[in-house]
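The block underneath contains the structure these notes are about, expressed in structure tokens.
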Amino acid sequence: MKITEVRVIVTCPGRNYVVVKIMTDEPGLYGVGDATLNGRELAVAEALEKHLAPLLIGRDPERIEDIWQYIFRGTYWRGGPVLMTALAGIDLALWDIKGKRAGLPLYSLLGGKTRECALCYTHAGGKDFVAVEDAVRGKMERGFKVVRAQVAVPGNRGTYGVEMQDPRVGVVEEALPALEIWEPAPYLRTIPRLFAHLRDKLGDEVELFHDVHERLTPIQAARLAREVEPFHLFFLEDPLRPEHKESLRLVRQHSVTPLAMGELYHSRYECLPVITEQLIDFIRCDIAHIGGITEARKIAAIAEPYGVLTAWHGPGDIAPMTHSANVHLDVAIPNFGVQEMVFFPEVVQEVLPGAPAYRDGALWPNEAPGLGCDINEEAAKKYPYQRAYLPTVRRADGSVHDW
Ligand code: CS2
Ligand code: MG
């Protein structure tokens, strides 16, 4: 079998997605992968189209590991978000082909099911504590057992995940990044109070947690992790910048709040120290940004003996193929923790069908061969790319802040 063509399709059914479609010389056999990097979609599309696709033509798509090694190690330039997202798109499409050819869903190729479904979480945000409480209740009524809670912080302007839930929908070509003003002091005062309120009103059973979005210094993160201890968070997500790996030690020394890190890591090498030193409890890389299933299953295997569980990134800004890959991996590996999920709008389902189904607080793997996803290329054409950015963050004095 040979790869005959690699199509790179950029489409914007509400937000931008980059899809890789790998065609083979077996009639009707192709695979689809996701290579979406929020706000940098065209950089990945160009890397794929102009640089990587020509290297794939004529290769045997069955040889996934060899192709992965060839692209990562064999072409000199390696790593980083753009190239690892491009590689993920290729990798997913190749696994999809392998599954379709075998007539088996991906989880079966990965060793078969260790569980029936993947416990999942959704987001609840609000302008104040009562609004967040209502939002969490709404999610619980839909069956969710784990909920992420974010609240607007008095004195700060714009809170990602609350007012800036989905800054890209409806953007125009000239759009520039939205600006959020963020100060640590009111944030650090507000978050423990939010969880005190939620525990008081919602009880102990629902699992709650919070995403810091990499905004704190090590000692601030240690303070927050310690102050939310009485409220038993499922985990504190991404408390530190990805560069501050060794500083997780300091957070650990001060708190038993479980920690999750990794949506900005791009390879297993970044995951290694935080896993082998047991500085985190959940590794939450983005399969679309770390080189795909081939890399993610290695990360899971490294994490297993250290008691670190997975919580793969699953936001709306990666395509259904990655969500499907998440769940196939979740149900196959032994050290699965939790899965982030979104309900894709109908327009996305029309263009990119096959996202995992939600039922009873869990995601269920697609039983079709491969990833079980597809792209409707005709429908995709109706939604051309629109430039869009994530918001940026500054302090009140105007200086740039991590976000
Ligand atoms: C977030 C994401 O889902 C999450 O945990 O951190 O919303 C993240 O901000 C976006 O995926 C960035 O593109
Ligand atoms: Mg996050």
- prompt: Residues with beta-carbon under 11 Å from that of D360, excluding D360: net charge, scoring Lys, Arg +1 and Asp, Glu -1?
  reply: +2
task: Calculate one ³J(HN,Hα) per residue across the stretch 49-65 by plugging θ = phi - 60° into the Karplus curve 6.51 cos²θ - 1.76 cosθ + 1.60, and present them in order as whole Hz with x for glycine and proline.
output: 5, 8, 10, 8, 4, x, 6, 8, 4, x, 7, 7, x, 5, 8, 5, 4
Projected label distance in nm at T276 and L55, using a 7 Å step from Cα toward the beta-carbon: 2.6 nm
task: For the stretch 241-360, go through all pairs of different Cα atoms, get the mean of 1/r, take its inverse, and jot down that Kirkwood value in Å.
output: 14.8 Å
statement: Taking only C-alpha positions in the stretch 174-214, Rg and Dmax in angstrom work out to 14.6, 46
Rounded to whole Hz, the Karplus (6.51, -1.76, 1.60) HN-Hα couplings of the stretch 193-202, x for glycine and proline: 5, 4, 6, 4, 4, 5, 5, 4, 8, 10
query: Placing +1 at every Lys and Arg Cβ and -1 at every Asp and Glu Cβ, with all other atoms neutral, what dipole size does the stretch 109-370 have around its Cα centre, in debye to the nearest 20?
result: 580 debye
task: Provide the percentage of antiparallel DSSP beta bridges, counting only those with both residues in the chain; round to the nearest 5.
output: 45 percent
message: Among A185, A311, G262, whose Cα projects farthest towards the positive end of the dipole of the chain, with charges put on the beta-carbon of Lys, Arg (+1) and Asp, Glu (-1)?
response: A185
- request: Quickly work out the D200-to-A131 label distance, labels modelled 7 Å from Cα along the C-beta direction, and quote it in nm with one decimal.
  value: 2.0 nm
task: Please tell me the relative contact order of the stretch 109-370 in percent, rounded to the nearest whole number, where contacts are Cα pairs under 8 Å and at least six residues apart.
output: 20 percent
query: Which of N16, I71, G103 sits farthest toward the positive end of the charge dipole of the stretch 3-104, with +1 on the Cβ of Lys and Arg and -1 on the Cβ of Asp and Glu?
result: N16
statement: Per the rule of 0.36 nm per residue minus the C-alpha distance, extending H401 to I181 adds in nm 78.3 nm
query: Once amide H atoms are built 1.01 Å from N in the peptide plane, which residues 5 or more positions from E5, or in another chain, come under 5 Å H to H?
result: M23
In sequence order, calculated HN-Hα J values of the stretch 265-271 (Karplus, 6.51, -1.76, 1.60; Hz; x Gly/Pro): 7, 10, 7, 5, 5, 6, 6
- request: Run the 1.4 Å probe and let me know the accessible area of C117, rounded to the nearest 10 Å².
  value: 40 Å²
- prompt: Within the P(r) computed for the chain, what percentage of the Cα pairs occupies the region above 35 Å?
  reply: 24 percent
message: Just to make sure I understand: if all protein chains stay in place, what is the order of K381, K201 by accessible area at 1.4 Å, largest first?
response: K381, K201
Subset of K98/K298; K21/K381; K127/K245 violating a 21 Å alpha-carbon distance limit: K127/K245
field: Degrees between helix 293-303 axis and first principal axis of the chain (Cα, 0 to 90, nearest 10)
entry: 40 degrees
- prompt: How many times 2.2 N^0.38 Å is the alpha carbon radius of gyration of the stretch 323-403?
  reply: 1.52
message: Treating the stretch 3-104 as a set of equal point scatterers at the Cα positions, no solvent, please give the Debye-formula log₁₀ I(q)/I(0) at q = 0.16, 0.21 Å⁻¹.
response: -0.62, -1.04
query: Of V132, I299, L42, which is farthest along the charge dipole of the chain in the positive direction, counting Lys and Arg as +1 and Asp and Glu as -1 at C-beta?
result: I299
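The values are calculated or read from the model by the stated rules, or taken from the named source; none is laboratory data. Since the model is a prediction, treat every value here as computed from it, not as a measurement. Heads up, the Cβs are rebuilt from the backbone with ideal geometry, glycines too, and the neighbour counts pull from every protein chain shown. The protein model used for the area step is the full one, side chains on, heavy atoms only, and it has no ligands, DNA or RNA in it. Shrake-Rupley method; radii C 1.70, N 1.55, O 1.52, S 1.80 Å.
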